[in-house]
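So the structure is just underneath, and the comments pick up after that.
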Amino acid sequence: LGQGALLSIATGDTVTINGPLQAPLSKIFNLTGTAKVNFGKGSVQEVYPEWWGENTTPGTTDMTAEVQAATNAAIVNYLGIAEIIFSGYTYLLSDNILISEVQGLIMKGAGHGTKFKWGGNAATVMFTFRDARNCYISNFQIETSVATPLLVGIQNENGSGATVVNSFSPKSYSP
């Protein structure tokens, strides 16, 4: 899809993309209500939340729906080894991101620049891995504040082999 092209999907509809997708790092899906996008096995190698909505003002634009939509699409495609890639931005999240019934999902940030900033209720978990096996999440920071505290950033329920890695080392970074 070219820059500015949008695929609009009505509530209740699901569009499944089975062929390769090449798209810019910008909004390409315009979903209404319960509309969904799925990727067929092996159709994409990387999935970006920005395909569902622009992070207009990083850290203040709520990206919860976009991150969940990208996660759901990647889970459908996971047997084809899709990765959710988070660019070097701050993603404001105001509700739980549920990663459920999946094996081998990879969520990867861009290192020092990727932050998940909490803007929700303190008692709500930011990321829940439920019945998730051998999942990998790396290269990001979780940011909270006194005004928006967070009790649990990442919770693993009924799964095994979930790995959280921060491979960014400030000493090795050079702009």
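Only the coordinates and a few stated rules stand behind these numbers; no lab work does. Note that the structure is predicted; figures quoted are calculated from it, not measured.
Helical content of the chain, expressed as a calculated mean residue ellipticity at 222 nm, amounts to -2500 deg cm²/dmol (DSSP H runs of 4 or more residues, -39,500 (n - 2.57) each, divided by residue number, nearest 500).
For Glu46, the residues whose amide H sits under 5 Å from its own are Glu83, ignoring neighbours fewer than 5 places away on the same chain, with H placed 1.01 Å from N. For the chain, the longest principal axis of the C-alpha atoms and the axis of helix 64-77 are separated by about 60°. The lysine pair tally for the chain, using Cα distances under 27 Å and a gap of 8 or more places or different chains, is 13.
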